[in-house]
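The values are calculated or read from the model by the stated rules, or taken from the named source; none is laboratory data. Quick caveat: nothing in here was measured; it's all calculated off a predicted structure. When we count neighbours, we look across all protein chains shown, and the Cβ atoms used for this are built from the backbone with ideal geometry, even at glycine.
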Amino acid sequence: MDSGDFFGVTGEQDSLKSAFMVQAMDRLGYSVATIGERELSFGQAFLIDTFKKTKIDLVSANVVFADTKKPLVRPYVIRRVGTVRVAFTGFLGKEMPLKRHAGDKELTVLEAADVAKTLIPELRKKADVVVVLSHLGLTDSQKLTIEVPGIDVMVFGHLVGLSKEVVQTQGVINVRGGERGQYIPSIHLVVEDGKIASYDGDVVTLDDKIPADDSMNHLVDNFQDELNTRFQKQSEQAANQEARQTQVALSADHYMGEKNCRRCHEAEYQMYTSQKHAHAFATLTKNQRDSTPECLPCHVVGMGQAGGFVSKESTPDLVNVQCENCHGMGTMHGSGHVVGPEVCITCHTASQDPTFNFDEKLPKIVHWQ
């Protein structure tokens, strides 16, 4: 199960990754998911078509078309697990912003509690266990369990953090799985005479102790390779045009490349070339990610800015992490730019480098005398 926000936010790369994510979820055996605000990032047709290719049921009870009040997706689904009937439904927060693309019909998000007060009693008649996939946020989710009796299990979504234990509050068994798929909560229910007699569960941490699945790794690698190839072709086609546009912008402050820095800072340059920053682009080349948009900015100079990296073909002198990544544009030399942790954490983010510590790392890149 998933409680939403597994799609990316914007751009072609995010849309491709979102479609691949749903395929991976299907392969992993996901049964049911609800939508968060991110699932409408690429339009209603994209969402529906992506899930049509899977066995995953997409449910949401309170997202409806504004004109007809008919639900965007199925309001609920009932699945059998042996002899036990399990009902799944989902709710989206009323105040969460929904993107609307050309061709999309206007949507309305109904008040979750109002819908649930009618729906949950109906599901209680049809199923032995009622599961709510809640994309309401922590506070509104807990409020729903108080206002609407009859919910057996709630899976929390939308930035609710992690609970490393399966707990029961207000008579509702609930789990919070954190972000990025790093934790897998599981609940084991004992159902007797159509009622939950007991339960237990745990939260599995997907760390180094859990062996990677070779077949899934293979799928991910193939997808990443295809993604890199796709953007490499686009980069080659656009390189000349982008280079011309960049040259026009050079009348203002712009990047100049390490060759210009070296003319006055030979000693510092020689020290820098022995360090990992000076060979950062080779990491992308080795892993066939040298045209992947989400990887490039932290391995080249000034991507997307005046005089900055355009492509490895048109601006080969701007690959790697060079002087200007940390010290600023060459044309602004002498402006008093000071390198601090705020510069480093633009690339050494919590998700990419969770153990990064500026004071510990700084001595490893000393290249000054």
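Some notes on this structure:
- Selection within region 1-18: residues that are of a type in the set (S, T, N, Q) and part of a loop (DSSP other than H, G, I, E, B). The member of this set that is farthest from residue 156 (Cα to Cα) is 10.
- Which listed residue, of 113, 127, 87, is out of contact with any Ser or Thr (no Cβ under 6 Å at 6 or more places or on another chain), of a type outside the set (Asp, Glu) and buried (at least 23 other Cβ atoms within 10 Å of the Cβ): 87
- Contact map, region 140-158: first residue farther than 19 Å from residue 187 by Cα, second residue modelled with pLDDT of 90 or more and among the β-branched types (Val, Ile, Thr), Cβ cut-off under 8 Å, separation 6 or more or different chains; pairs are 144/132; 144/151; 148/120; 149/120.
- Only one entry in 179, 165 is part of a loop (DSSP other than H, G, I, E, B), closer than 23 Å to residue 97 by Cβ and of a type in the set (Asp, Glu), namely 179.
- Taken over region 294-313, the criterion of being under 15 Å from residue 236 (Cβ atoms) and either at pLDDT 95 or above or surrounded by fewer than 18 Cβ atoms within 10 Å (Cβ to Cβ) (or both) is satisfied by 313 alone.
- Single match in 348, 299, 333 (criterion: in the same structural domain as residue 232 (by TED's automatic domain parsing), under 26 Å from the mean Cα position of the chain (by Cα) and over 22 Å from residue 11 (Cβ atoms)): 348
- Once region 235-283 is narrowed to residues that are out of contact with any helix residue (DSSP H, G or I) (no Cβ under 7 Å at 6 or more places or on another chain), at pLDDT 90 or above and not in a helix (DSSP H, G or I), the residue that is nearest to residue 297 (Cα to Cα) is 273.
- Test for residue 284: is it crowded, with 16+ Cβ neighbours inside 10 Å, aliphatic (A, V, I, L, M), farther than 16 Å from residue 262 by Cα and in contact with an Asp or Glu (Cβ under 9 Å, 6 or more places away or on another chain): yes
- Screening residue 71 against (1) surrounded by 21 or more Cβ atoms within 10 Å (Cβ to Cβ); (2) over 20 Å from the mean Cα position of the chain (by Cα) leaves a single unmet condition, (1).
- Just so you know, in region 21-49 the residues that are among the charged types (D, E, K, R) and free of Cβ contacts under 8 Å to residues at least 40 places away in the same chain include one that is farthest from residue 98 (Cα to Cα), and it is 26.
- Single residue of region 131-181 satisfying the filter (basic (Lys, Arg) and surrounded by fewer than 21 Cβ atoms within 10 Å (Cβ to Cβ)) that is nearest to residue 81 (Cα to Cα): 164
- Contacts under 6 angstrom Cβ, first residue in region 252-279 being in the same structural domain as residue 334 (by TED's automatic domain parsing), partner of a type in the set (Lys, Arg) and surrounded by fewer than 14 Cβ atoms within 10 Å (Cβ to Cβ), 6 or more apart: none
- When we screen 290, 359 for residues that are among the charged types (D, E, K, R), in contact with a helix residue (DSSP H, G or I) (Cβ under 8 Å, 6 or more places away or on another chain) and either in a helix (DSSP H, G or I) or touching a residue at least 40 places away in the same chain (Cβ under 8 Å) (or both), the only hit is 290.
- Residue count, region 6-24 (criterion: out of contact with any Asp or Glu (no Cβ under 7 Å at 6 or more places or on another chain) and at pLDDT 90 or above): 12
- Residue within region 44-56 that is closer than 28 Å to residue 215 by Cα, assigned to a helix (DSSP H, G or I) and over 21 Å from the mean Cα position of the chain (by Cα) present: yes
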